[in-house]
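The values are calculated or read from the model by the stated rules, or taken from the named source; none is laboratory data. The structure presented is a predicted model; accordingly, all values stated were derived computationally and were not measured. No Cβ is skipped: glycine too gets one built from the backbone with ideal geometry, and neighbour counts run over all protein chains shown. These area figures cover heavy atoms from the full protein model, side chains too; ligands, DNA and RNA do not enter into them. Shrake-Rupley method; radii C 1.70, N 1.55, O 1.52, S 1.80 Å.
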Amino acid sequence: MDFSSLFRPGIRATRPYTPGKPVSEVQRELGLDSVVKLASNENPEGPLPAVLEAIQQAALQINRYPDAACFKLTNTLAKHLDVSPQSIIFGNGSNEVIDMLIRALVSPGENVVYSHHSFIVYALTTSVHFECGRPVPLDANDKHDLDAMADMVDENTKLVLVCNPNNPTGTYNTIEEFDRFLARIPENVIVGIDEAYYEYVTAEDYPQTIAMMKKHPNLILLRTFSKIHSLAGLRVGYGVGHPDLIGELHKTREPFNVNVLSQVAAIACLENWHEVEGRVQRNREQLDYMATQLADLGFAVVPSETNFILVRCDGDAGKLTNDLLQKGVIVRPMHAFGLGEGALRISIGLPAENQRCLDALKEILS
Ligand SMILES: *Cc1c(COP(=O)(O)O)cnc(C)c1O
C-alpha cells in the first residue's frame with residue numbers, strides 16, 4: 001500500500017522538519033562526555049526559580065485539563081503589554097499561531113508571501129497547506145527585502161509573514177522601512193510579524209509594532225516564551241492583534257492547546273520581567289565577543305540583534321559543522337537554505353560554551 005499517494009500533493013512533496021541534533025544523541029553517537037549545543041537559539045540560562053516553583057505546585061493538577069482560555073496568563077500579559085485581553089491568543093509555541101493563521105486564512109489558489117531565507121516553518125506550513133507559499137529572496141545585506149515582498153502581493157495574497165529580527169540572519173528592518181512597507185499593503189491582507197527575538201533587540205530604530213497596530217489593524221505580532229524566557233521545552237507563544245482578528249483565530253485553536261505547566265510557567269516569567277534586562281545584557285556581551293572573535297578567525301559576520309549569529313566561511317559549512325560535531329560542538333549549517341555554501345548559524349551560549357566553540361574552530365582551521 002502506497003500511503004503517500006493518499007495524501008494531498010503538498011504533503012507528498014514536503015520533507016519533514018529536521019531539528020538540530022539533541023545533545024544526548026551526539027553524546028551517544030560519538031561517545032563524548034560533554035557536548036555543547038549552539039544550534040537552536042535556545043536560552044543557555046535555565047528557567048527561573050519562580051518558574052520551577054510554579055510548575056511544582058501546578059503539577060498536582062495535571063489530572064485536570066488546563067484552562068482552555070488561559071484566563072490568568074492572558075490577563076497578566078494584557079496588563080504587561082497594555083492591550084485588551086481580547087487582543088491576545090496563546091499557542092503551543094508561536095509556531096502554532098503561525099499554523100492557525102495560515103490554515104484559517106488561506107483557501108486553495110490563495111497565497112502567503114514570506115522571505116525565502118527566513119524561519120523554515122513558513123515554508124513547511126505553507127507547503128502542506130495547498131502549497132500556498134510565495135518566497136521572496138532577501139536583499140544584498142541579508143535583510144528582508146520589504147519592497148520586493150510588497151511587489152509580490154497580489155489579489156490572491158491573504159497573509160505576509162515578516163520575521164523581525166530575522167532567523168537565521170539576525171538582521172532587522174527599521175521603523176522607516178516598515179512604515180513604507182505597510183503603506184503599500186492593502187488592509188485586507190494580514191501582516192504577521194514574527195518577533196520571536198523581540199526582547200533581545202537593542203537597536204533604536206527597531207519598530208514598536210504594538211503602537212503601529214492603531215494605524216494598521218491588519219497587523220498581528222507573534223512572540224514567544226521559548227527564547228528570552230527559557231521555556232522552549234514547554235511550548236508557549238502568542239499572537240497580538242485586533243480583537244476581531246484574534247476572535248476568528250480562536251475558532252481554529254485546539255481546545256486545550258496550552259498545557260497546565262506552560263501556563264503557570266509563563267505567568268511566573270511575566271511576574272519576573274525584571275530578569276529580562278540582565279539576560280539581554282549577558283547575551284549582548286557574548287554576542288559582541290563572538291562577532292569579534294569569529295571575524296578574527298576569518299569569517300564574514302552578519303550583524304545580529306538576536307541570540308545567534310550568522311557567519312560565512314570560505315569553505316563548506318556542512319563539513320565545518322561535522323568537524324565541530326566531532327569536537328562536541330553542535331551548530332547549524334545554513335548552506336541548504338540558499339544563504340551560501342559557507343553559511344553557518346551559531347547560537348549564543350554561556351561564556352564557557354562559546355569559548356569551547358571558538359577553541360574548536362581554531363583547531364579545525366589551523
Ligand atoms: C524560535 C522561533 C519561534 C518560536 O517558536 P515557538 O514555537 O514559540 O517555540 C518563532 N519564530 C522564529 C523565527 C523563531 O526563531
Handout entry: Subset tally (residues that are under 17 Å from LYS158 (Cα atoms), in contact with a Phe, Trp or Tyr (Cβ under 9 Å, 6 or more places away or on another chain) and away from the ligand (no atom under 16 Å from the Cβ)) for region 176-215
Key = 0
Practice task
Please name all residue pairs, on different chains or six or more residues apart, with Cβ atoms under 7 Å, provided the first residue is in region 292-308 and is surrounded by 19 or more Cβ atoms within 10 Å (Cβ to Cβ) and the second residue is among the aromatic types (Phe, Trp, Tyr) and in a helix (DSSP H, G or I).
Solution key: GLU305/TYR200; THR306/TYR200; ASN307/TYR200
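In region 235-245, is there at least one residue being assigned to a loop (DSSP other than H, G, I, E, B) and within 16 Å of ASP99 (Cα to Cα)?
yes
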Exercise for the section: Return yes when ILE220 is touching a Cys at 6+ places or on another chain (Cβ under 9 Å) and within 16 Å of the ligand (Cβ to nearest atom) and no when it is not. Expected result: no
Practice task
Mind telling me which of the residues GLN326, GLN286 ends up being open to solvent by 40 Å² or more (accessible area, probe 1.4 Å) and of a type in the set (S, T, N, Q)?
Solution key: GLN326
Exercise for the section: Inspect region 64-75 for any residue being basic (Lys, Arg) and away from the ligand (no atom under 16 Å from the Cβ) and give the result as yes or no. Expected result: yes
Exercise for the section: Only residues in region 194-209 that are not assigned by TED's automatic domain parsing to the domain that holds GLU42 and in a loop (DSSP other than H, G, I, E, B) count as the first member; pair them with residues that are buried (at least 18 other Cβ atoms within 10 Å of the Cβ) and basic (Lys, Arg), Cβ under 8 angstrom, at least 6 apart or cross-chain, and list the lot. Expected result: GLU195/ARG223; ALA196/ARG223; ALA196/LYS227; TYR197/LYS227
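Among the residues of region 289-340, what is the count of those that are of a type outside the set (Val, Ile, Thr) and part of a strand (DSSP E or B)?
Qualifying residue count for the region: 6.
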Practice task
Please list, ordered by first then second residue, the pairs with beta carbon atoms under 6 Å, 6 or more apart or interchain, first in region 235-258 and crowded, with 16+ Cβ neighbours inside 10 Å, second of a type in the set (Phe, Trp, Tyr).
Solution key: VAL236/PHE225; TYR238/PHE90; VAL258/PHE90
Practice task
Tell me, yes or no, whether region 29-42 has at least one residue that is free of Cβ contacts under 8 Å to residues at least 60 places away in the same chain, within 16 Å of the ligand (Cβ to nearest atom) and part of a loop (DSSP other than H, G, I, E, B).
Solution key: no
Practice task
Starting from region 211-225, keep only residues that are in the same structural domain as ILE88 (by TED's automatic domain parsing) and in a strand (DSSP E or B), then list their pairs with residues that are among the acidic types (Asp, Glu) and open to solvent by less than 10 Å² (accessible area, probe 1.4 Å) whose Cβ atoms are within a distance under 6 Å, requiring at least 6 positions of separation or different chains.
Solution key: LEU221/GLU195; LEU222/ASP194; ARG223/GLU195
